[in-house]
Amino acid sequence: MRRVTFDLDVLRTFVTGMELGSFAKAAERLGRSTSAVSAQLKKLEEQAATPVLRKAGRGLALTEAGETMLGYARRLIELNDEAASAIRDVELEGWVRLGLQEDFGEA
């Protein structure tokens with residue numbers, strides 16, 4: 001079985017599109033072109049090795065795999081954001097000692 005690493009940026013686009021009900025709106029919110037969003041969705045399906053979206057009338061709907069992926073994508077994004085926040089909120093403590101030669105600053 002091949003190991004897959006999902007791109008968080010792609011997952012964020014996928015989740016945003018599903019939450020807004022439109023990938024055109026997702027593109028606008030994320031500051032991307034619709035063609036860039038389409039390329040990201042294609043990349044997601046390549047990474048997943050299965051379709052996550054299907055045509056539904058004039059729009060798109062999630063496949064069964066897409067439903068599963070959406071839940072995991074939300075969790076991955078939440079964990080990523082939580083980790084980034086935790087690291088950012090760590091306060092630095094302690095001392096830093098520097099050792100310099102006495103003649104270092106002499107001209």
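The numbers here are math on the coordinates, done by the rules we state, and not lab data. None of the values given here were measured: they were computed from a predicted structure. As a convention, Cβ positions derive from the backbone with ideal geometry for all residues, glycine included, and neighbour counts pool all protein chains shown.
Taking LEU62 as meeting all but one of (1) surrounded by 11 or more Cβ atoms within 10 Å (Cβ to Cβ); (2) without any contact (Cβ under 8 Å) to a residue 12 or more places away in the chain, write down the number of the exception.
All conditions pass for LEU62, except number (2).
GLU19 is checked against (1) farther than 22 Å from LEU79 by Cβ; (2) exposed (fewer than 14 other Cβ atoms within 10 Å of the Cβ); (3) free of Cβ contacts under 8 Å to residues at least 40 places away in the same chain and fails just one. What number does that condition carry?
(1)
Pull up segment 23-37, narrow it to residues that are in a helix (DSSP H, G or I) and of a type in the set (D, E, K, R), then point me to the one that is nearest to the chain's Cα centre (by Cα).
Checked segment 23-37; the qualifying residue nearest to the chain's Cα centre (by Cα) is ARG29.
In segment 32-50, which residues are of a type outside the set (Gly, Ala, Ser), without any contact (Cβ under 8 Å) to a residue 40 or more places away in the chain and farther than 14 Å from THR16 by Cβ?
Selection gives LYS42, LYS43, GLU45, GLU46, THR50.
Going through segment 41-59 one residue at a time, which ones are in a loop (DSSP other than H, G, I, E, B), surrounded by fewer than 15 Cβ atoms within 10 Å (Cβ to Cβ) and of a type outside the set (Gly, Ala, Ser)?
THR50, PRO51, ARG58 - these are the residues of segment 41-59 that are in a loop (DSSP other than H, G, I, E, B), surrounded by fewer than 15 Cβ atoms within 10 Å (Cβ to Cβ) and of a type outside the set (Gly, Ala, Ser).
What about ARG97, is it free of Cβ contacts under 8 Å to residues at least 24 places away in the same chain and either surrounded by fewer than 10 Cβ atoms within 10 Å (Cβ to Cβ) or part of a strand (DSSP E or B) (or both)?
The answer is yes for ARG97.
Being among the hydrophobic types (A, V, I, L, M, F, W, C) and surrounded by 11 or more Cβ atoms within 10 Å (Cβ to Cβ) is the filter here, so list the residues in segment 65-94 that pass it.
Once the filter is applied, which keeps residues that are among the hydrophobic types (A, V, I, L, M, F, W, C) and surrounded by 11 or more Cβ atoms within 10 Å (Cβ to Cβ), segment 65-94 yields ALA65, MET69, LEU70, ALA73, LEU76, ILE77, LEU79.
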